[in-house]
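The values are calculated or read from the model by the stated rules, or taken from the named source; none is laboratory data. Here the structure is a predicted model, which means the values were calculated and not measured. Cβ coordinates were reconstructed from backbone atoms using ideal geometry, including for glycine residues, and neighbour counts include every protein chain displayed.
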């Protein structure tokens, strides 16, 4: 069980890849360095996939960047809310009615009248989650949400920091590239897509817990 718990956030390689791909996009589009696809592939294989130094460096950068934003701030960036951010706060009043797998009558039989106050909703949802947190469906959906949430956090940081890097490069090279504005649009679009994807994964994760809780006999995790 401890091994399963440790593997919940075992996705640093995907975050590192996301960092590298954005770095390549910065080189090609923001700095207008003309690199054919073949050369980009060579750069990736030689300097990332097969370079221990670059690989370790990217993991260290990922480690630092992932700690810049708190979990609550990442969630706010995903759900665009300042209070009652997580889906658990509205899972019984809003989300459950949109998921045909959830038997609310069965949930009421097992847990009593379902709450409507956001805080109480989240408390009951978390109680259900703890019963099934290592169920394969719950575990996978939880990890998908955490990964997409962290990608959203990265995307937001890129929006803030990459334009600064472009301006610094313009000062160094004595030229402000017109592609900066297009690249800013790309970064903003990337953040919005990641936020939408993460929001969907988060809502799905919350509903998966209710679906499992309503379909499992005697509140025991099915084997």
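Within the range 101-118, the set of residues being surrounded by 14 or more Cβ atoms within 10 Å (Cβ to Cβ) and assigned to a loop (DSSP other than H, G, I, E, B) comprises 102, 103, 114, 115. When residue 193 is tested against (1) at pLDDT below 95; (2) surrounded by fewer than 18 Cβ atoms within 10 Å (Cβ to Cβ); (3) closer than 21 Å to residue 16 by Cα, exactly one condition is not met: (1).
Whether a residue is in contact with a helix residue (DSSP H, G or I) (Cβ under 9 Å, 6 or more places away or on another chain), outside any helix (DSSP H, G or I) and over 19 Å from residue 92 (Cβ atoms) was assessed, and residue 139 does not pass this test. Each residue in the range 65-100 was checked for being assigned to a loop (DSSP other than H, G, I, E, B) and either closer than 16 Å to residue 122 by Cβ or at pLDDT 95 or above (or both), and 8 pass. Of all residues in the range 69-98, those that are closer than 19 Å to residue 156 by Cβ have Cβ atoms under 8 Å from Cβ atoms of residues that are surrounded by fewer than 14 Cβ atoms within 10 Å (Cβ to Cβ), 6 or more apart or on another chain, in 76/82; 85/72. Quick check on residue 213: is it buried (at least 20 other Cβ atoms within 10 Å of the Cβ) and either modelled with pLDDT under 95 or under 28 Å from residue 76 (Cβ atoms) (or both)? So residue 213 fits the description; yes.
Here's the yes/no breakdown for (1) touching a helix residue (DSSP H, G or I) at 6+ places or on another chain (Cβ under 6 Å); (2) surrounded by fewer than 13 Cβ atoms within 10 Å (Cβ to Cβ); (3) modelled with pLDDT of 90 or more; (4) not in a loop (DSSP other than H, G, I, E, B):
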{"site": "144", "(1), (2), (3), (4)": "yes, no, yes, yes"}
{"site": "167", "(1), (2), (3), (4)": "no, yes, no, yes"}
{"site": "182", "(1), (2), (3), (4)": "no, yes, no, yes"}
{"site": "187", "(1), (2), (3), (4)": "yes, no, yes, yes"}
{"site": "199", "(1), (2), (3), (4)": "yes, no, yes, yes"}
{"site": "204", "(1), (2), (3), (4)": "yes, no, yes, yes"}
{"site": "208", "(1), (2), (3), (4)": "yes, no, yes, yes"}
{"site": "223", "(1), (2), (3), (4)": "no, yes, no, no"}
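For residue 23, the stated conditions hold: it is at pLDDT 75 or above, more than 16 Å from residue 143 (Cα to Cα) and out of contact with any strand residue (DSSP E or B) (no Cβ under 7 Å at 6 or more places or on another chain).
Per-residue answers, yes or no, for (1) exposed (fewer than 14 other Cβ atoms within 10 Å of the Cβ); (2) in contact with a helix residue (DSSP H, G or I) (Cβ under 7 Å, 6 or more places away or on another chain); (3) touching a residue at least 24 places away in the same chain (Cβ under 8 Å); (4) assigned to a loop (DSSP other than H, G, I, E, B):
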site: 120; (1), (2), (3), (4): yes, no, no, no
site: 152; (1), (2), (3), (4): no, yes, yes, no
site: 158; (1), (2), (3), (4): no, yes, yes, no
site: 170; (1), (2), (3), (4): no, no, no, no
